[in-house]
Amino acid sequence: MNNLTFMRQIVIVALLAVVAGCTVHPPGEREERDAASQAGKPFEKWIEVRRIPPLPENPTPDQLVEYALLNNAELEQHYWEWRSAIEQIPQDGTQSSTLNIAAGTNITNGHTSWGSSTVALSNDPMTDIKWPGKLDAAAKETLENAKAAGQRFIMAKYDLRNKVLSAYYDYALNAELIRLQQSNQQLLKTTVTITESKNRSGSSSQEDVLKASNEVDMSANDIANTESQLPGQRAAINALLSRPVNAPLAVPTELPPARSLAYGDAELIELAAIQNPELLALADEIRGRGEGIRLAKLQYVPDFNFSAGTDLIGVTQSVLGQATIPIFRYEAINAAIRQAEANLRASEATRRQTGNDLTAEMVADITIIRDADRQLDLFEHTILPRARQIVNIGRSAYETGRASLLGLLDDQRSLIAIERLVADLRIDREKHLAELESITARDLSRAVR
């Protein structure tokens with residue numbers, strides 16, 4: 001009988017050890033770990049030993065984005081925050097109580113009495129064994145928070161892409177403005193030459209020569225002022241790429257080609273509603289808040305303690321079970337439930353407002369892109385060719401004495417203003433398209449049906 005009792009004690013203690021040491025792994029944890037492992041391959045090695053392909057001598061916007069996604073430190077930070085959130089899951093899903101082993105014996109006159117020796121096993125009385133449902137709710141809540149961190153990592157990738165493209169477009173626009181100003185300067189220098197020739201022949205005044213020369217000098221100043229902005233823009237791009245700010249980066253030789261928008265307006269808004277990473281992250285957090293409410297309600301369920309002991313000869317055994325009943329914590333538990341419910345309502349409201357804000361932002365971007373397309377069609381096919389023709393006619397008229405210098409200068413100023421406007425429109429359109437892609441987390445120049 002004693003042996004049978006002792007075996008029962010061992011079974012109880014074994015069960016105690018299993019309960020105290022179990023870990024809840026909620027459905028979806030493995031998939032989240034796999035997703036993080038796949039997404040984080042570029043960051044798994046220390047930066048000193050990474051093999052990041054060098055930038056080409058004249059990188060395209062896509063090549064700059066690809067380099068930034070491999071090297072940007074802020075993006076890496078978001079990845080490790082995601083990984084940290086995943087590693088919190090088994091911590092919250094594991095019993096915090098530990099297994100204590102105690103042994104004792106009596107020593108009389110220097111002699112040990114094995115008959116009075118005992119062995120006892122128990123959980124740590126300072127940390128109760130939690131009801132398994134509490135671990136399940138806690139682990140699921142943490143999993144949803146980890147999923148939200150994963151979505152924010154995706155959002156950070158598209159935000160970084162948007163920043164790199166926007167910085168590159170500003171760099172390319174500045175280079176284009178320099179080229180336009182240099183072309184205008186050549187026209188002005190030609191005008192000075194013509195004016196000086198006319199002055200020598202007596203058909204133009206010295207005042208016209210001075211005015212034309214001032215226009216050339218003002219143009220040179222505009223070029224120098226625009227060129228002075230290139231180092232700062234280059235440094236901004238290098239910072240996004242986690243390169244030294246003075247690292248060489250070729251000045252674009254032309255504006256990037258216009259990309260098509262392969263989706264209709266309603267499709268774009270629908271994409272944002274179902275695919276925006278921030279909205280998906282907030283949805284994950286809302287599900288986590290729901291688990292938080294369940295966890296708060298489970299605090300009514302008592303926690304418990306177990307201990308079992310025996311003497312070494314199997315004569316005396318003991319089993320003790322204790323329940324920690326939250327009799328005096330009902331008010332605090334009720335408050336915790338109300339707090340969890342309030343957190344859920346706050347998250348739901350945040351998601352609604354975020355959705356409204358994103359929709360408004362989408363509408364603004366779409367409107368700007370559509371209007372830019374309209375204006376570019378008008379300027380590039382009608383107004384700009386006409387303005388160039390006006391300058392050519394005006395120059396011929398000035399050379400033959402049928403037009404004034406002021407008229408020719410006005411025509412040239414009008415041409416450069418229109419060319420600058422066209423360049424601004426093209427770049428502004430591409431920047432807003434990149435912003436749309438950041439919101440929808442998709443390349444919108446290629447339709448995916």
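The values are calculated or read from the model by the stated rules, or taken from the named source; none is laboratory data. Note that the coordinates shown come from a computational prediction; the quantities given were computed from them, not determined experimentally. Note: ideal-geometry Cβ built from the backbone for every residue, glycine included; neighbour counts use all protein chains shown. Keep in mind that these areas ignore ligands, DNA and RNA; they rest on the heavy atoms of the full protein, side chains included. Shrake-Rupley method; radii C 1.70, N 1.55, O 1.52, S 1.80 Å.
Quick notes on this structure:
- Whichever residue in region 228-263 is in a loop (DSSP other than H, G, I, E, B) and free of Cβ contacts under 8 Å to residues at least 60 places away in the same chain and, among such residues, is farthest from P53 (Cα to Cα): S228
- Enumeration of residues in region 193-214 that are in contact with a Ser or Thr (Cβ under 6 Å, 6 or more places away or on another chain) and not acidic (D, E): T195, K198, S204, V209, A212
- Index of the failed condition, Q182 passing every other in (1) assigned to a helix (DSSP H, G or I); (2) farther than 30 Å from P231 by Cβ: (2)
- Residue match in region 344-359 (condition: free of Cβ contacts under 8 Å to residues at least 24 places away in the same chain and among the hydrophobic types (A, V, I, L, M, F, W, C)): yes
- Filtering T440, T354 for residues that are in contact with a Phe, Trp or Tyr (Cβ under 9 Å, 6 or more places away or on another chain), more than 30 Å from S203 (Cβ to Cβ) and among the hydroxyl-bearing types (S, T, Y) leaves a single hit, T440.
- Of all positions in region 411-428, at least one carries a residue that is in contact (Cβ under 8 Å) with a residue 12 or more places away in the chain, more than 28 Å from Y168 (Cβ to Cβ) and crowded, with 20+ Cβ neighbours inside 10 Å.
- Top-ranked residue in region 196-227 [being of a type in the set (K, R) and open to solvent by 40 Å² or more (accessible area, probe 1.4 Å); ranked as nearest to P53 (Cα to Cα)]: K211
- Filter result (of a type in the set (V, I, T) and either touching a Ser or Thr at 6+ places or on another chain (Cβ under 8 Å) or open to solvent by less than 20 Å² (accessible area, probe 1.4 Å) (or both)) within region 260-292: I269, I286
Yes or no, residue by residue, for (1) farther than 30 Å from G292 by Cβ; (2) surrounded by fewer than 15 Cβ atoms within 10 Å (Cβ to Cβ):
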residue: A342; (1), (2): no, yes
residue: A346; (1), (2): no, yes
residue: T350; (1), (2): no, yes
residue: N356; (1), (2): no, yes
residue: A364; (1), (2): yes, yes
residue: F379; (1), (2): yes, no
residue: A397; (1), (2): yes, no
residue: R402; (1), (2): yes, yes
residue: L408; (1), (2): yes, no
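- When L408 is tested against (1) hydrophobic (A, V, I, L, M, F, W, C); (2) more than 19 Å from L279 (Cβ to Cβ); (3) not in a helix (DSSP H, G or I), just one condition goes unmet, and that condition is (3).
- P56 surrounded by fewer than 12 Cβ atoms within 10 Å (Cβ to Cβ), at pLDDT 80 or above and under 25 Å from D303 (Cα atoms): no
- Within region 184-212, residues that are closer than 22 Å to I393 by Cβ have Cβ atoms under 6 Å from residues that are at pLDDT below 85 and open to solvent by 60 Å² or more (accessible area, probe 1.4 Å) in these pairs: I194/E399, counting only partners at least 6 apart in sequence or on another chain.
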